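S.K.: Supplied in structure tokens, the structure appears directly below.
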């Protein structure tokens, strides 16, 4: 149990933030992360001061096991959890993965609704009870911090839940999780369930009550906050609300709701470093390729934007007429962080520090030079611009394809044409292509130069900041051999950003599948 978590025994209003971005969040279609990318997110979560990082599902694959183990070894001052089904093999695998953590946790689960028992598990209620007892006891033999979850709890019989949670606590569970696995419940119903469990589960005060909500009906945050008001003291959340289907409860929404209206939810509060919310949101969005909608609460591009004349008039007179939070409190720069080409390295380093962005010293100079180039093109460089530059720099890896030169032309009534020069490992290749627009033509030229078979599955472009001089940020996903590969690109020209994103995706494809068949001649070489 972490130092911050142990404080719950002293202050009953402290809410434990259990982040499952790297486990449930990564289960979003197309959001798979490499081990290095998971470590970047884990580092950001530590800086964000979450209490628990659910690092993955160790039994799912060798790669997931290694990622959980590396996060457990690296992440200090937080609890690191590994998920395990309620069986010996999964639990032993999770125990091996988290054993080097400062504060290891095994999170084991089994479904308890009749729908799951009858159609998925083919087990009786008594058989599940026996499995709960043996699994929690086994997990407890490895670690002192064991969380037990009833999958599909909100569609389970309430009296049966009492029996299951009772068995889990008696077997040694220190946290009991009541998931709304399919986003089915409502706030009032969830509160009633919390009260039922608190009244009927013996020794429930010996465990922390946790909630894990999905957003299928758009009520994940409301349900989570209602449960906190009813006494739950752990919330299971993800950055940007990513996750299976419609996603999970968004960390940033719960944290800021408690900070802004905590008195309405039993006085609950967290110790999250809220000024890091926006940078972490952008990091996760950039690595996964899952975009944040512009009107998303807290971290959306328009969350603190005002266009209507009435609103602008009110804002000019008094900010609180239309803002219930200070944008700087969640990591937006507002008017606080405006940088230009005369800021110098010291100002740039300070900006990185204030934004909570960690960058290897060897890369600071490279990003600073890109910052100067951007400052020559833009009147003002914002914190969002810098965060995007850093994310783009970190996304680059040794052995990746590099865009050297490109050209695209289009005219009335004709196809677009493009040419490109690509560098890899010191060698260069060129390619030409045509298409129904400059981006399509440039992708065709890149295909001609690189020669990797793939299918473009997703393409998205957005502005990093408002204004006509904004940087364009592009995310693409390509499919090859049944696998998806994500790429991210950034430039003031969206065509160039598109080319960078496509090359980044192809870099991941080649690095992860070195046996990939080339579209061109197998004898062609980089010159």
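The values are calculated or read from the model by the stated rules, or taken from the named source; none is laboratory data. As the structure is a computational prediction, the values presented were derived from the model and not from experiment. Glycine also receives a Cβ, built like all others from the backbone with ideal geometry; neighbour counts cover every protein chain displayed.
Conditions tested, residue by residue: (1) at pLDDT 90 or above; (2) more than 29 Å from residue 191 (Cα to Cα); (3) out of contact with any helix residue (DSSP H, G or I) (no Cβ under 8 Å at 6 or more places or on another chain).
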| position | (1), (2), (3) |
| --- | --- |
| 245 | yes, no, yes |
| 266 | yes, no, no |
| 273 | yes, no, no |
| 308 | no, yes, yes |
| 343 | no, yes, no |
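S.K.: Let me ask something else. Out of curiosity, is residue 186 surrounded by 24 or more Cβ atoms within 10 Å (Cβ to Cβ), in contact with a helix residue (DSSP H, G or I) (Cβ under 8 Å, 6 or more places away or on another chain) and at pLDDT 95 or above? Before the answer, list the steps.
M.R.: Values: surrounded by 24 or more Cβ atoms within 10 Å (Cβ to Cβ): no; in contact with a helix residue (DSSP H, G or I) (Cβ under 8 Å, 6 or more places away or on another chain): yes; at pLDDT 95 or above: yes.
Judged against the criteria, residue 186 is not a match.
S.K.: If the requirement is being part of a loop (DSSP other than H, G, I, E, B), in the same structural domain as residue 148 (by TED's automatic domain parsing) and either within 11 Å of the chain's Cα centre (by Cα) or surrounded by 21 or more Cβ atoms within 10 Å (Cβ to Cβ) (or both), which of these qualifies: 243, 231?
M.R.: On the way: 231 fails: either within 11 Å of the chain's Cα centre (by Cα) or surrounded by 21 or more Cβ atoms within 10 Å (Cβ to Cβ) (or both).
On inspection, the qualifying residue turns out to be 243.
S.K.: Something else now. Any residue that is farther than 24 Å from residue 181 by Cβ and surrounded by fewer than 24 Cβ atoms within 10 Å (Cβ to Cβ) - is there at least one of those in region 16-32? Talk me through it step by step, then tell me what you get.
M.R.: Step one: list which residues in region 16-32 are farther than 24 Å from residue 181 by Cβ, which gives none.
There is no residue in region 16-32 that is farther than 24 Å from residue 181 by Cβ and surrounded by fewer than 24 Cβ atoms within 10 Å (Cβ to Cβ).
S.K.: Turning to a different aspect of this structure: Do we find that residue 81 is in contact (Cβ under 8 Å) with a residue 60 or more places away in the chain and under 21 Å from residue 57 (Cα atoms) in this structure? Break it down stepwise before answering.
M.R.: On the way: in contact (Cβ under 8 Å) with a residue 60 or more places away in the chain: yes; under 21 Å from residue 57 (Cα atoms): yes.
Yes, satisfied.
S.K.: So which of 348, 371 ends up being touching a strand residue (DSSP E or B) at 6+ places or on another chain (Cβ under 9 Å), surrounded by 12 or more Cβ atoms within 10 Å (Cβ to Cβ), in a helix (DSSP H, G or I) and at pLDDT below 80?
M.R.: Details: 371 fails: at pLDDT below 80.
Residue meeting the stated conditions: 348.
S.K.: Then there's this: Out of all the residues in region 476-493, which are touching a residue at least 40 places away in the same chain (Cβ under 8 Å) and not in a strand (DSSP E or B)?
M.R.: Within region 476-493, just 492 meets the criteria.
S.K.: Within region 122-134, how many residues turn out to be in a helix (DSSP H, G or I) and either touching a helix residue (DSSP H, G or I) at 6+ places or on another chain (Cβ under 7 Å) or touching a residue at least 60 places away in the same chain (Cβ under 8 Å) (or both)? Write out each step before concluding.
M.R.: Residues of region 122-134 in a helix (DSSP H, G or I): 125-134.
So of that shortlist, the ones also either touching a helix residue (DSSP H, G or I) at 6+ places or on another chain (Cβ under 7 Å) or touching a residue at least 60 places away in the same chain (Cβ under 8 Å) (or both) come out as 125, 128-129, 132-133.
Total satisfying the criteria: 5.
S.K.: Six or more apart or on different chains, Cβ under 8 Å: which pairs go from a residue in region 324-336 that's over 18 Å from residue 357 (Cβ atoms) and not assigned by TED's automatic domain parsing to the domain that holds residue 250 to one that's in a loop (DSSP other than H, G, I, E, B) and modelled with pLDDT of 85 or more? Could you list them?
M.R.: Hits for this filter: 325/298.
S.K.: Now for a separate question. So how many residues does region 457-483 have that are surrounded by fewer than 20 Cβ atoms within 10 Å (Cβ to Cβ) and touching a strand residue (DSSP E or B) at 6+ places or on another chain (Cβ under 6 Å)?
M.R.: So the count comes out to 8.
S.K.: A further question on this structure: Filter region 249-272 down to the residues that are in a strand (DSSP E or B) and more than 15 Å from residue 298 (Cβ to Cβ) and list them by number. Before the answer, list the steps.
M.R.: Here is the first cut: in region 249-272, the residues in a strand (DSSP E or B) are 250, 269.
Result: 269, single match.
S.K.: Among (1) touching a helix residue (DSSP H, G or I) at 6+ places or on another chain (Cβ under 9 Å); (2) without any contact (Cβ under 8 Å) to a residue 40 or more places away in the chain; (3) in a helix (DSSP H, G or I), where does residue 119 come up short?
M.R.: Exception for residue 119: condition (1).
S.K.: Out of contact with any helix residue (DSSP H, G or I) (no Cβ under 8 Å at 6 or more places or on another chain), more than 30 Å from residue 41 (Cβ to Cβ) and in a strand (DSSP E or B), is that true of residue 404?
M.R.: Details: out of contact with any helix residue (DSSP H, G or I) (no Cβ under 8 Å at 6 or more places or on another chain): yes; more than 30 Å from residue 41 (Cβ to Cβ): yes; in a strand (DSSP E or B): yes.
Taking the combined requirement at face value, the residue satisfies it.
S.K.: Restricting to region 227-277, what's the tally of residues that are out of contact with any strand residue (DSSP E or B) (no Cβ under 9 Å at 6 or more places or on another chain), under 24 Å from residue 148 (Cβ atoms) and free of Cβ contacts under 8 Å to residues at least 40 places away in the same chain?
M.R.: So the count comes out to 1.
S.K.: So residue 277 fits all but one of (1) crowded, with 20+ Cβ neighbours inside 10 Å; (2) in a helix (DSSP H, G or I); (3) over 19 Å from the mean Cα position of the chain (by Cα); what number is the exception?
M.R.: (3)
This table checks each residue for (1) at pLDDT 70 or above; (2) over 26 Å from the mean Cα position of the chain (by Cα).
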site: 320; (1), (2): yes, yes
site: 338; (1), (2): no, yes
site: 364; (1), (2): yes, no
site: 380; (1), (2): no, yes
site: 402; (1), (2): yes, yes
site: 413; (1), (2): yes, yes
site: 429; (1), (2): yes, yes
site: 434; (1), (2): yes, yes
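S.K.: Condition test on residue 501, is it in contact (Cβ under 8 Å) with a residue 24 or more places away in the chain, more than 28 Å from the chain's Cα centre (by Cα) and not in a strand (DSSP E or B)? Reasoning before the result, please.
M.R.: On the way: in contact (Cβ under 8 Å) with a residue 24 or more places away in the chain: yes; more than 28 Å from the chain's Cα centre (by Cα): no; not in a strand (DSSP E or B): yes.
So residue 501 does not fit the description; no.
S.K.: Is at least one residue of region 443-456 within 20 Å of the chain's Cα centre (by Cα), under 24 Å from residue 32 (Cα atoms), surrounded by fewer than 19 Cβ atoms within 10 Å (Cβ to Cβ) and at pLDDT 90 or above?
M.R.: Step one: of region 443-456, the residues within 20 Å of the chain's Cα centre (by Cα) are none.
No, region 443-456 has no match at all.
S.K.: Considering only region 60-84, state which residues are closer than 21 Å to residue 149 by Cα, in contact with a helix residue (DSSP H, G or I) (Cβ under 8 Å, 6 or more places away or on another chain) and crowded, with 20+ Cβ neighbours inside 10 Å. Spell out how you get there, then give the answer.
M.R.: Of all residues in region 60-84, those closer than 21 Å to residue 149 by Cα come to 60, 64-65, 68, 78-84.
The next check asks that each one be in contact with a helix residue (DSSP H, G or I) (Cβ under 8 Å, 6 or more places away or on another chain); those that pass are 65, 68, 78-84.
Correct list: 68, 78, 79, 80, 81, 82, 83, 84.
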